[in-house]
Amino acid sequence: MKLFEDKLRDNYRRAYSGEDAYTYYDNNQQEKIVEVRELLNKWFENYPEENKLELQQSFKNSFYNAFYELFIHETFYCQGYTLQVHPLLEKSPKRPDFLAKKDKKEFYIEATTVSYITDAESRSENFKQKFIDELNKMNSPNFWLALEKLEFKKGKFPKVKTLRKEIEQELNKINPIDIETRQKNNLLTHELKFDDDNILIVLTLFNKSQAAKKNINSRPIGLQFSPVTIKNADEDSGKILKAFKSKAGWYGELNKPFIICLNLDFNFNLKHDVDWAFYNRKSFNSLKPKFSKASAAFVSHVSVGNIFNLPKHRLILNKHSTYPLEIEKLELSYEDNEVESKRKDIDEILKLDGKPNFGIIL
């Protein structure tokens, strides 16, 4: 079976906010979506046959978590390992994601994702994106709109149809020549403000090019400005370490090496936040043994949107591990006592032929 079956596809649109990811990737025919779909199908071929149906269902239920599990399987499969899915443990009813085997050497693997935002923040962001998607259905033939400010004053969803109509009426009153004149003279851009008991929204206008005017499928809101927040580095690294710590003790005492794989979302910094989590907090290089059940942390920054964009990783060994990882069997670059040993990056392991500017905007 295939992860995405062969069928006729004629959908070329961008995704809507909150749209089911599996359905979107299964039905869309944009060039970059096709590349990703073909890559995932190729990886899926290497997944154990008896577990394929379960993984496909996982993609339908939790696309990005399932993607990471498939990515981890392929990363170690391409280094010559055979991976058993959800192996039984001697001292726990729980099951890790994989047992990797190569040349009579074995180790367990657990794969998990680390989110930058809380569940409450995620729900709030989804609420906002759903509103913007509805607002983007407005007719704006002459102008791009930049969303300068958006504030929901109450918890209920605003009356978007009414607001769209008000914005369209205001846009029809504006002459594109006036906007062009303001831009040429470096004057402040024209601003539209809508403020009532439910919502405050501020938009600025930019003239569309003649080519953009002909594209009837383009979304009028072309830019969104978010407030810049400065956080303590300790806060972000704490999320990474918390996820690692949770998995390190999840399965009790193990009798083999154990790699915990953490996939960070794009808000984290793979260098500084990971350093703070595993080095500045005196975790792996502390004098007192810590996390001895875990042999290493494999930290990545991958998604379907950047998988062809030369993704990087960090494989950090834990010198306090009861069962150290036999690193000579692995081809990946790794770090031991804060010293990096350069071998291969993800791009080389998976033979992705990475493109520095490749990316998907859904």
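The values are calculated or read from the model by the stated rules, or taken from the named source; none is laboratory data. Not measured: the values here are computed from a predicted model. Ideal geometry is used to build each Cβ from the backbone, glycine not excepted, and the neighbour counts take in all protein chains shown. These area figures cover heavy atoms from the full protein model, side chains too; ligands, DNA and RNA do not enter into them. Shrake-Rupley method; radii C 1.70, N 1.55, O 1.52, S 1.80 Å.
Top to bottom by accessible area (1.4 Å), largest first, where do Glu110, Glu151 land?
Glu151, Glu110
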Spin-label zone in the range 54-94 - amide nitrogen under 19 Å from a point set 7 Å from the Cα of Glu348 along the C-beta vector = 74-81
Hz values of 3J(HN,Hα) by residue in the range 241-250 - Karplus curve (6.51, -1.76, 1.60), Gly and Pro given as x | 5, 4, 5, 5, 4, 4, 6, 4, x, 5
Accessible area, 1.4 Å probe, largest first: how do Lys173, Lys137 sort?
-> Lys173, Lys137
Might you tell me the accessible area per residue for the chain, computed with a 1.4 Å probe and given in Å²?
-> 55 Å²
When the chain is treated as a GNM, springs tying every alpha-carbon pair under 10 Å, which of Leu200, Leu352, Leu145 comes out with the largest mean-square fluctuation?
-> Leu200
Sequence-distant residues sharing a close amide H with His190 (under 5 Å, placed H) = Leu205
Antiparallel DSSP beta bridges within the chain, as percent of all bridges there, nearest 5 | 65 percent
Phi angles of the range 278-287, converted by Karplus (6.51 cos²θ - 1.76 cosθ + 1.60, θ = phi - 60°) into ³J(HN,Hα) in whole Hz with x for Gly and Pro, give 10, 10, 5, 8, 6, 8, 7, 10, 6, 6
Give me the lysines in straight-line cross-link reach of Lys128: C-alpha distance below 21 Å, same-chain residues under 8 apart excluded.
-> Lys137, Lys149, Lys153, Lys154, Lys156, Lys159, Lys161, Lys165, Lys193
For Asn11 and Gln84, FRET efficiency with R0 = 35 Å and r from the beta-carbon atoms, rounded to 0.05?
-> 0.40
What pairs in Lys52/Lys351; Lys290/Lys319; Lys105/Lys290 have C-alpha atoms more than 19 Å from each other?
-> Lys52/Lys351; Lys105/Lys290
Of the accessible area of the chain, with the probe set at 1.4 angstrom, what percent is carbon plus sulfur?
-> 48 percent
For Cα Rg over 2.2 N^0.38 Å, calculated from these coordinates, the label among (i) 0.99; (ii) 0.93; (iii) 1.18 = (iii)
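May I ask you to rank Lys104, Lys245 by accessible area, largest first, using a 1.4 Å probe over the protein chains only? Before the final figure, lay out each step's value.
On the way: Lys104 205, Lys245 130 Å².
Of Lys104, Lys245, the descending order of accessible area is Lys104, Lys245.
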Farthest toward positive dipole pole in the chain [+1 Lys/Arg, -1 Asp/Glu at C-beta], among Ala296, Asn267, Leu317 = Asn267
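Please compute the net charge surrounding Leu135, taking Lys and Arg as +1 and Asp and Glu as -1 over other residues with Cβ under 12 Å from its Cβ.
+4
Restricting to DSSP loop positions (anything but H, G, I, E, B) with no more than 16 other Cβ atoms inside 10 Å of their own Cβ, which trypsin sites (Lys or Arg not before Pro) remain in the range 1-45?
Filter output for the range 1-45: Lys2, Lys7, Arg9, Arg13, Arg14.
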Hz values of 3J(HN,Hα) by residue in the range 46-54 - Karplus curve (6.51, -1.76, 1.60), Gly and Pro given as x = 8, 6, x, 4, 5, 10, 5, 4, 4
Per-residue ellipticity at 222 nm for the chain, helices alone: DSSP H runs ≥ 4 residues times -39500 (n - 2.57), over residue total, nearest 500 deg cm²/dmol?
-> -9500 deg cm²/dmol
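Net charge around Val160, counting only other residues with Cβ within less than 11 Å of its Cβ (Lys, Arg = +1; Asp, Glu = -1)? Mind showing how you got there, number by number?
Details: positive: Lys130, Lys137, Lys159, Lys161, Arg164, Lys165; negative: Asp133, Glu134, Glu166.
Summing Lys/Arg as +1 and Asp/Glu as -1 gives +3.
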Compute the longest continuous run of the chain that contains no exposed chymotrypsin sites (Phe, Trp or Tyr not before Pro); treat a site as exposed when its DSSP state is not H, G, I, E or B and it has at most 12 other Cβ atoms within 10 Å.
-> 13-224
Rounded to the nearest 10 Å², what accessible area does Glu54 show when all protein chains are kept and the probe is 1.4 Å?
-> 100 Å²
Hits among aspartates and glutamates - C-alpha to C-alpha of Lys91 under 16 Å, sequence gap 8 or more where chains match = Glu253
